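Asks: One structure is given below, represented as structure tokens, and several questions about it will come after.
The values are calculated or read from the model by the stated rules, or taken from the named source; none is laboratory data. Remember, predicted model here, so these are calculated numbers, not experimental data. So basically every Cβ, Gly included, is an ideal-geometry build from the backbone, and we count neighbours across all protein chains shown. In case anyone asks, the SASA skips ligands and DNA or RNA and just uses the protein heavy atoms, side chains included. Shrake-Rupley method; radii C 1.70, N 1.55, O 1.52, S 1.80 Å.
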Amino acid sequence: MRVLLASAEAAPFAKVGGLADVVGSLPQALQTLGVDARVILPGYGFIDHLAYDIQLLAEFSMSHRLGSNVIRLYTCQHDRIPVYFLQVSPYFGGEGQVYSTWDWDMERFIFFNQALMAAMSQLAEQLHWRPDALHVNDWHTSLLPFMLQSHADADQSAQASVLSIHNIAYQGQGAGGFLWQAGIHGRHHADLYELGLADNLLGIGIAYSDMIATVSPRYADEIKYGYAGYELAPLIERRSGDLRGILNGLDCDVWNPATDLALAANYDSDNFLSERPLNKRHLQSFARLPVNDKFPLVGIVSRLAAQKGFDLALPALRSLLAKRELQLVVLGTGEPELEQAFWQVEQDFDDRATVFLQFDSLLAQQIYAGCDIFLMPSHFEPCGMGQMMAMRYGALPLVRETGGLADTVINYDNGDADSGTGFVFQWQEAQAVEGTLNWALDTFRDRRSAWQRMQKRAMQSDFSWQKSASQYIDLYEIAVSRAIARRSGAE
């Protein structure tokens, strides 16, 4: 099986969110199961060619409605995975960040889909390699299933497509004018026109993909309904038989407290009781908080965005910081009003709260290893990686029952911890966050043996890619059989 994963992000080359982690680590898991998995993404200007030994593979010209462009196809090997980069002026090659303004991103990512189709021909010519399945991710590459079916040559038309939806809230709506400008026509799928989605890039991908995946089983059910799937919910419902919820995995070699060089002390599920407290003390000291093992430490590592439920968490945190023994460390950037609100928390509780309004991957790992409670009260969460990383490092997550959070965090049984890996609330209310935090704080103080049993269970949870990669292979096989049947029918 040959699979090409197409994405706007892939760690470590270009990362904004969880999409990059998935595309950066899933190919290795696929490879261990015998899949020839490769990755292709835009050749952003900030990617360091020297650091990754990126070499020019081919240079070719692509004609389109507005003229022609010279495209440079670069490649490197990363963790034994071939990675390809498409660089073309003015779309990709000079920018300093992954995403830009809405209209410019529409134009450049639509072009990326066109250029990627041309690049696959170059891969066939230069390397004699053509994918059996094209695995596209989110709206940035959602045109490719349509283009495979409608604009490919006879050989390419046998290729299958699988679409992964990482966050259905971002859809690429209103793309009609940009598609016309790019010369992309013929989106005559009946469902798209009936539902008014012919100009919605993610909708186009959903309609034309052979198979569809979301990043957790719970999220696959949620997006069938308007509160989570928005205007795409009716289309998702119509394709529900082709939809699978496959939980994201972690690269357990990277996220490993036993070997993580960012930590003050390494540990595992056997010796965490003696070694993990050293990381808490280090974090308290670094964050300029009183160094005290008895103070429960709440950690947040997140984009500061409305989706993440901080409108619920902030009132709860302010209330508890004012009346209970509690420390808080926050790491993240995002919406200005949330940054301001967390900054004000630090000003008002400077001996109990420290807020780092920045992105720092090493500090994030120290927070996972040093905090007692990891707060992730999201309104919705397609999968979420933070709660899994926290559990891997022995921090107990406090989450809302939604999406991947519901699939990964087992609620404490409020007893001897015969079950449980964290604390779960349901209602989208500040009182629910405060009540659940109180419950967690009481458990930390009064039921330490139960707390430690949950820590050990959380650290031993299997969040590796092995099971999920097998599920993706099943999805690819179904998609390929459908593509072959489609081609046979066309002939």
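Asks: Roughly speaking, what is the stretch gain from Asp36 to Arg288, that is 0.36 nm per residue apart minus the C-alpha to C-alpha distance, in nm to one decimal?
Replies: On the way: separation 252, 0.36 × 252 = 90.72 nm, distance 4.85 nm.
Contour length minus Cα-Cα distance gives 85.9 nm.
Asks: Please work out the average accessible area per residue across the chain, using the 1.4 Å probe convention, and give it in Å².
Replies: With all protein chains present, the chain gives 39 Å² per residue.
Asks: Rounded to the nearest 500 deg cm²/dmol, what is the calculated helix-only ellipticity per residue at 222 nm for the chain, with -39500 (n - 2.57) per DSSP H run of length n ≥ 4?
Replies: Calculated from helices alone, the mean residue ellipticity at 222 nm is -13000 deg cm²/dmol.
Asks: For Lys294, list the lysines whose Cα falls under 17 Å from its own Cα; do not include residues on the same chain fewer than 8 positions away.
Replies: The reachable lysines, counting only those whose Cα sits under 17 Å from Lys294, are Lys280, Lys323.
Asks: With the Cα gyration tensor of region 46-155 giving a ≥ b ≥ c as the square roots of its eigenvalues, does the rule (a/c under 1.5 for rounded; else a/b larger than b/c for prolate; else oblate) give rounded, prolate or oblate?
Replies: rounded
Asks: So which aspartates and glutamates can Lys467 reach, going by Cα to Cα under 19 Å and dropping same-chain residues fewer than 8 places off?
Replies: Within reach: Asp21, Asp36, Asp251, Asp253, Asp407, Glu477.
Asks: Sort 163-175, 394-406, 358-370 by the packing proxy (mean of other Cβ within 10 Å over each peptide's residues), most packed first.
Replies: Numbers: 163-175: 21.8, 394-406: 25.2, 358-370: 19.7.
Packing proxy ranking, top to bottom: 394-406, 163-175, 358-370.
Asks: Can you tell me the order of 247-254, 178-185 when each peptide is scored by its average per-residue count of other Cβ atoms within 10 angstrom, highest first?
Replies: Highest to lowest by the protection proxy: 247-254, 178-185.
Asks: Now, a different point. Return the loop-located trypsin sites (Lys or Arg not before Pro) in region 48-117 (DSSP other than H, G, I, E, B) with at most 15 other Cβ atoms within 10 Å of their own Cβ; answer none if there are none.
Replies: Arg65, Arg80
Asks: Short version: ³J(HN,Hα) in whole Hz for each residue of region 234-241, in order, from phi by Karplus 6.51 cos²θ - 1.76 cosθ + 1.60 (θ = phi - 60°), x for Gly and Pro, what are they?
Replies: Going residue by residue, I get x, 5, 4, 4, 5, 9, 4, x Hz, with x marking Gly and Pro.
Asks: Kindly report, to the nearest 10 Å², the accessible surface of Ser285 as traced by a 1.4 Å probe over protein heavy atoms only.
Replies: The accessible area comes out at roughly 70 Å².
Asks: Just want to confirm a number: the relative contact order over the chain, from Cα pairs under 8 angstrom separated by 6+ residues, in percent.
Replies: Across the chain, relative contact order equals 13 percent.
Asks: Still on this structure, I have one more. To the nearest 0.05, what FRET efficiency results for Ser488 and Glu194 with a Förster distance of 22 Å applied to their C-beta separation?
Replies: 0.20
Asks: At a Förster radius of 41 Å, what calculated FRET efficiency corresponds to the Cβ-Cβ distance of Leu357 and Arg65, to the nearest 0.05? Mind dumping the intermediate values first?
Replies: Numbers: r = 44 Å, r/R0 = 1.07.
After rounding, the FRET efficiency stands at 0.40.
Asks: Okay, moving on. Grab the Cα-Cα distance for Gln307 and Asp53, subtract it from 0.36 nm times how many residues apart they are, and report the gain in nm with one decimal.
Replies: Contour length minus the Cα-Cα distance gives 87.7 nm.
Asks: Order Lys224, Lys280, Lys15, most accessible first, counting only protein heavy atoms with a 1.4 angstrom probe.
Replies: Descending accessible area places them as Lys15, Lys224, Lys280.
Asks: Another question, then. Taking the Cβ-Cβ separation of Asn438 and Gln344 as r and a Förster radius of 22 Å, what is the calculated FRET efficiency to the nearest 0.05?
Replies: With a Förster radius of 22 Å, E is 0.45.
Asks: Below 8 Å, C-alpha to C-alpha, sequence gap of six or more: please give me the relative contact order for region 23-103 in percent.
Replies: Numbers: 125 pairs, mean separation 26.8, N = 81.
Value for region 23-103: 33 percent.
Asks: Sticking with this structure for a sec: Over the heavy atoms of Thr259, what accessible area does a 1.4 Å probe trace out, to the nearest 10 Å²?
Replies: For Thr259, solvent-accessible area is about 80 Å².
Asks: Expressed as a rounded percentage, what relative contact order does region 39-173 have, with Cα pairs under 8 Å and six or more residues apart?
Replies: 20 percent
Asks: What chymotrypsin sites (Phe, Trp or Tyr not before Pro) in region 396-491 are in a loop by DSSP, with at most 16 other Cβ atoms within 10 Å of the Cβ? The partial results should precede the final answer.
Replies: Values: sites: Tyr412, Phe423, Phe425, Trp427, Trp439, Phe444, Trp451, Phe463, Trp465, Tyr472, Tyr476; in loops: Tyr412, Trp427, Phe463, Trp465.
In loop regions of region 396-491 (DSSP not H, G, I, E or B), the sparsely surrounded chymotrypsin sites (Phe, Trp or Tyr not before Pro) are Trp427.
Asks: Right, another one. Report the Cα centroid-to-centroid distance between region 358-421 and region 173-212 in angstrom, as an integer.
Replies: Between the Cα centre of region 358-421 and that of region 173-212, the gap is 37 Å.
Asks: Another one. Sorting check: for 27-39, 308-320, 379-391, which peptide has the highest mean count of neighbouring beta carbons within 10 Å, and how do the rest follow? Kindly include the intermediate steps, with their values, before the conclusion.
Replies: Numbers: 27-39: 19.4, 308-320: 21.2, 379-391: 25.2.
Per-residue Cβ counts within 10 Å, averaged per peptide and sorted highest first, yield 379-391, 308-320, 27-39.
Asks: Of all accessible surface on the chain at a 1.4 Å probe, what whole percent is carbon and sulfur? Walk me through the intermediate numbers first.
Replies: Details: 9330 of 19050 Å².
Here carbon and sulfur together make up 49 percent of the probe-accessible area.
Asks: Given a 1.4 Å probe and heavy atoms of the protein chains only, how would you sort Glu434, Glu231, largest accessible area at the top?
Replies: Result of the area sort, largest leading: Glu231, Glu434.
Asks: Once you list every other residue whose beta carbon is under 15 Å from the beta carbon of Phe310, what net charge do they have if Lys and Arg are +1 and Asp and Glu are -1?
Replies: With Lys, Arg at +1 and Asp, Glu at -1, the net is -4.
Asks: Could you tell me what percent of the DSSP beta bridges with both partners in the chain are antiparallel, to the nearest 5?
Replies: Beta bridges within the chain, antiparallel portion: roughly 30 percent.
Asks: Would you mind calculating the gained length between Ser470 and Asp270 on full extension (0.36 nm times residue separation, minus the Cα-Cα distance), in nm to one decimal?
Replies: 69.1 nm
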